[in-house]
Amino acid sequence: MREILSRTFGGFQKNSSRKLSKATGEQTNSETTIDEKSAEDYRTSPRDRTIFRAARLSSRIHDVEGLAIVRNISEDGMQVETKLGFENGEHVAVSLADGDRIEGEVVWQDGNSFGIKFFDWVSVEQALNRGSETPHGFKPRAPRIVLDLPVTLRVGGYLADARICDLSQRGAKLKFDRFLPIDTRVQISYDALRPISGSVKWQASDSIGVEFHRTLSIEELSSWTGR
């Protein structure tokens, strides 16, 4: 029977995990096998918040950046899921909103799940609200994932080649060398993925910014980024 440790940042609290038997529907107990001393070392705060939110995760050591799903967060750490590979002790930065960075250190990993301990105390409420609209109506941009992805851009009845430079749940920056008036409606297509419709919000040199007409789900964003 698989044994696990309930990693509730900031707790890494040791618990027996109750599971439902597929055959009987009864609860069964599993015990902890992860090193208890290691768990005690990182136990600092009992408060945590369970969430399901996209973030940009990067490492200066390996010069990698990609999508991560934040599963829970507390004042001193978080649990994330990502297909990126990190090592224990590696310094990383997490962005819940564009321009925002929370730095920390990877302290455990289990498959695609990683535990990150922050270098400094973080207000959970402030961290989660940075992506929300302010009283003045300003809405911070969702975290953007850097890409270099060839796509097809539909403008009316015309098709043209373009490349996505970065992508978020709400918009994208594309490399496109033809003039498009502001608010032009476009559709972005790639392979067999569901096309994304949006409107041009800015153009500079050979780049355009597109605001999507719908917010991409985390699963859809993951499909587009391949991470």
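The values are calculated or read from the model by the stated rules, or taken from the named source; none is laboratory data. Since this is a predicted model, take the numbers as computed values, not measurements. No Cβ is skipped: glycine too gets one built from the backbone with ideal geometry, and neighbour counts run over all protein chains shown.
The criterion of at least 1 residues that are under 13 Å from Phe114 (Cα atoms), at pLDDT 80 or above and not polar (S, T, N, Q) is met, among strands (runs of 3 or more DSSP E) falling completely within the stretch 2-99, by 49-59, 64-73, 77-81, 91-95. Applying a threshold of 6 Å to beta carbon distances and a minimum spacing of six or more residues, or different chains, the list of pairs starting in the stretch 180-194 at a residue that is on the phi < 0 side of the Ramachandran plot and ending at one that is basic (Lys, Arg) reads Gln187/Arg154.
Residue-by-condition table, conditions (1) in contact with a Pro (Cβ under 9 Å, 6 or more places away or on another chain); (2) hydrophobic (A, V, I, L, M, F, W, C); (3) modelled with pLDDT under 95; (4) part of a strand (DSSP E or B):
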| position | (1), (2), (3), (4) |
| --- | --- |
| Ala160 | no, yes, no, yes |
| Arg163 | yes, no, no, yes |
| Gln169 | yes, no, yes, no |
| Val186 | no, yes, no, yes |
| Leu193 | no, yes, yes, no |
| Gly198 | no, no, no, yes |
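Of all residues in the stretch 195-227, those that are within 17 Å of Ile145 (Cα to Cα), among the acidic types (Asp, Glu) and touching a residue at least 12 places away in the same chain (Cβ under 8 Å) total 2. Of the residues that sit in the stretch 79-108 and are among the β-branched types (Val, Ile, Thr) and free of Cβ contacts under 8 Å to residues at least 40 places away in the same chain, which one is surrounded by the fewest Cβ atoms within 10 Å (Cβ to Cβ)? Once the filter is applied, the top-ranked residue is Val106. Taking (1) surrounded by fewer than 20 Cβ atoms within 10 Å (Cβ to Cβ); (2) part of a loop (DSSP other than H, G, I, E, B) in turn, Leu216 satisfies each apart from (1).
Could you check, for the stretch 115-124, whether at least one of its residues is modelled with pLDDT of 85 or more, in the same structural domain as Ser207 (by TED's automatic domain parsing), among the aliphatic types (A, V, I, L, M) and crowded, with 18+ Cβ neighbours inside 10 Å? No: zero hits.
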